[in-house]
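K.L.:
Quick one: this structure, given as structure tokens, is what I'll be asking you about.
The values are calculated or read from the model by the stated rules, or taken from the named source; none is laboratory data. Values in this document were obtained by computation on a predicted structure and should not be read as measured data. Don't worry about glycine lacking a Cβ; one is built from the backbone with ideal geometry, like all the others, and counts go over all protein chains shown.
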Ligand SMILES: Nc1ncnc2c1ncn2[C@@H]1O[C@H](COP(=O)(O)OP(=O)(O)OP(=O)(O)O)[C@@H](O)[C@H]1O
Ligand SMILES: [Mg+2]
């Protein structure tokens, strides 16, 4: 769907040349939610702006749905842009127009008239959950509602690709979640390809299938979100992953757990992918004569599965504890005994 090949963007600067994007190669599949994460200045916005021709690469090619975006100009580029729309951190709404009028704007430009335009606007209002707010002005809306208008406007002309530049960075965590859920819903319902850039790993974890990590203009790590979370390679990726996995599994806490539970055994369980924690614990309690205490843990859910760690305490007869541990092993869950009572 989207192919980025050997793309470079060099800006002239006082200190010489600035490589904002440095030899990036990415393949994004149709229907995928693809995340790009990096700190400020990594080149994320420059990269995404080359996907809709707002910025031209100094070198390399950008191809979307067999169209070489980095080569076309004028009317052809304007036509291509109808299929590649964008939402922004600060919404970019027209302040003197109502919600309906903002959403109608791209339809007016595309030459869609009268009742057909009205019908499409109503569909979009419904799609993004803004019923009842049709005649409000942007200044009367919450941040989340403003971004819903931005999304409806972006979807007006049935694009194939939606680009999101920090679309939730101006929103509080709860509103962020509701906008992310809307994006997942649209992705599933319309099969829309979404490219999203962010500096928050939470956003990647919640909705992306694939992630690219950018640092100083380069993609330093790339893969399915779950793989990157399980096994981050680069120091920068490890830092991002730490944003969403609390540093609970430290030596101190483990030591502390051993002191709290001198009898029985403290066991660390690692879940990856399909394995889920709830039926496992239930089955242990049902099938073995052991007492189970859930001590602490964190399970994170990504678009391609769950992963995380759970510390439990098992008490009872040594042989029965061992049977329970053997059972857990057989369930494709990582088990590490960290104490022997
Ligand atoms: N039009 C421009 N002219 C000159 N330099 C630019 C231009 N646009 C971006 N840059 C520089 O390119 C680098 C990458 O900028 P970019 O905006 O792509 O980063 P970003 O990852 O989106 O950062 P942020 O998270 O702050 O939005 C920065 O050093 C920036 O100053
Ligand atoms: Mg940016």
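K.L.:
Determine which member of the set 339, 300 is under 29 Å from the mean Cα position of the chain (by Cα) and at pLDDT below 80.
P.N.:
Numbers: 339 fails: under 29 Å from the mean Cα position of the chain (by Cα).
None of the others qualify; the one that does is 300.
K.L.:
Still on this structure, I have one more. Of all residues in the range 193-206, which are at pLDDT 95 or above and more than 16 Å from ligand 1 (Cβ to nearest atom)?
P.N.:
193, 194
K.L.:
Give the residue, chosen from 143, 132, that is within 14 Å of residue 178 (Cβ to Cβ) and surrounded by fewer than 20 Cβ atoms within 10 Å (Cβ to Cβ). Don't jump to the end; show me each part of the working.
P.N.:
Working: 132 fails: within 14 Å of residue 178 (Cβ to Cβ).
Testing whether each residue is within 14 Å of residue 178 (Cβ to Cβ) and surrounded by fewer than 20 Cβ atoms within 10 Å (Cβ to Cβ) leaves just 143.
K.L.:
Could you list, in sequence order, the residues of the range 7-20 that are surrounded by 15 or more Cβ atoms within 10 Å (Cβ to Cβ) and more than 10 Å from ligand 1 (Cβ to nearest atom)?
P.N.:
7, 8
K.L.:
Does residue 18 satisfy being without any contact (Cβ under 8 Å) to a residue 60 or more places away in the chain, within 16 Å of ligand 2 (Cβ to nearest atom) and in a loop (DSSP other than H, G, I, E, B)? Even if it seems obvious, please write down each step before you answer.
P.N.:
Working: without any contact (Cβ under 8 Å) to a residue 60 or more places away in the chain: yes; within 16 Å of ligand 2 (Cβ to nearest atom): yes; in a loop (DSSP other than H, G, I, E, B): no.
Against the criterion (without any contact (Cβ under 8 Å) to a residue 60 or more places away in the chain, within 16 Å of ligand 2 (Cβ to nearest atom) and in a loop (DSSP other than H, G, I, E, B)), residue 18 does not qualify.
K.L.:
Does residue 211 count as surrounded by 16 or more Cβ atoms within 10 Å (Cβ to Cβ), within 25 Å of residue 305 (Cα to Cα) and within 16 Å of ligand 1 (Cβ to nearest atom)?
P.N.:
Numbers: surrounded by 16 or more Cβ atoms within 10 Å (Cβ to Cβ): yes; within 25 Å of residue 305 (Cα to Cα): yes; within 16 Å of ligand 1 (Cβ to nearest atom): yes.
Taking the combined requirement at face value, the residue satisfies it.
K.L.:
Hey, any hits in the range 64-76 for a residue that's within 16 Å of ligand 1 (Cβ to nearest atom) and in the same structural domain as residue 217 (by TED's automatic domain parsing)? It would help to see each step written out before you state the result.
P.N.:
Initial filter on the range 64-76 (within 16 Å of ligand 1 (Cβ to nearest atom)): none.
Within the range 64-76 (the criterion being within 16 Å of ligand 1 (Cβ to nearest atom) and in the same structural domain as residue 217 (by TED's automatic domain parsing)), the answer is no, since none of the residues qualifies.
K.L.:
Out of 41, 60, which single residue is within 20 Å of residue 216 (Cα to Cα) and surrounded by 15 or more Cβ atoms within 10 Å (Cβ to Cβ)?
P.N.:
Working: 41 fails: surrounded by 15 or more Cβ atoms within 10 Å (Cβ to Cβ).
Answer to the selection: 60.
K.L.:
Which ranges mark the strands (runs of 3 or more DSSP E) fully within the range 27-90 that have 1 or more residues being under 26 Å from residue 143 (Cα atoms) and within 16 Å of ligand 2 (Cβ to nearest atom)? I'd like the intermediate steps shown before the answer.
P.N.:
Working: elements: 33-37, 59-64, 84-88.
The qualifying strands (runs of 3 or more DSSP E) are 33-37, 84-88.
K.L.:
Right, here's the next one. Of the conditions (1) more than 16 Å from ligand 2 (Cβ to nearest atom); (2) touching a helix residue (DSSP H, G or I) at 6+ places or on another chain (Cβ under 6 Å); (3) in a loop (DSSP other than H, G, I, E, B), residue 158 clears all except one; give me its number.
P.N.:
(2)
K.L.:
Hey, another quick one. Quick check on residue 102: is it under 30 Å from residue 136 (Cβ atoms), in contact (Cβ under 8 Å) with a residue 24 or more places away in the chain and either within 16 Å of ligand 1 (Cβ to nearest atom) or not assigned by TED's automatic domain parsing to the domain that holds residue 133 (or both)?
P.N.:
Details: under 30 Å from residue 136 (Cβ atoms): yes; in contact (Cβ under 8 Å) with a residue 24 or more places away in the chain: yes; either within 16 Å of ligand 1 (Cβ to nearest atom) or not assigned by TED's automatic domain parsing to the domain that holds residue 133 (or both): no.
When the stated conditions are applied, residue 102 does not pass them.
K.L.:
So, residue 23, is that one surrounded by fewer than 16 Cβ atoms within 10 Å (Cβ to Cβ), away from ligand 2 (no atom under 15 Å from the Cβ) and within 26 Å of the chain's Cα centre (by Cα) or not?
P.N.:
So residue 23 fits the description; yes.
K.L.:
A further question follows. With the requirement that a residue be under 16 Å from the mean Cα position of the chain (by Cα), outside any helix (DSSP H, G or I) and under 15 Å from residue 199 (Cα atoms), what does the range 211-241 give you?
P.N.:
Those that are under 16 Å from the mean Cα position of the chain (by Cα), outside any helix (DSSP H, G or I) and under 15 Å from residue 199 (Cα atoms): 211, 212, 213, 214, 221.
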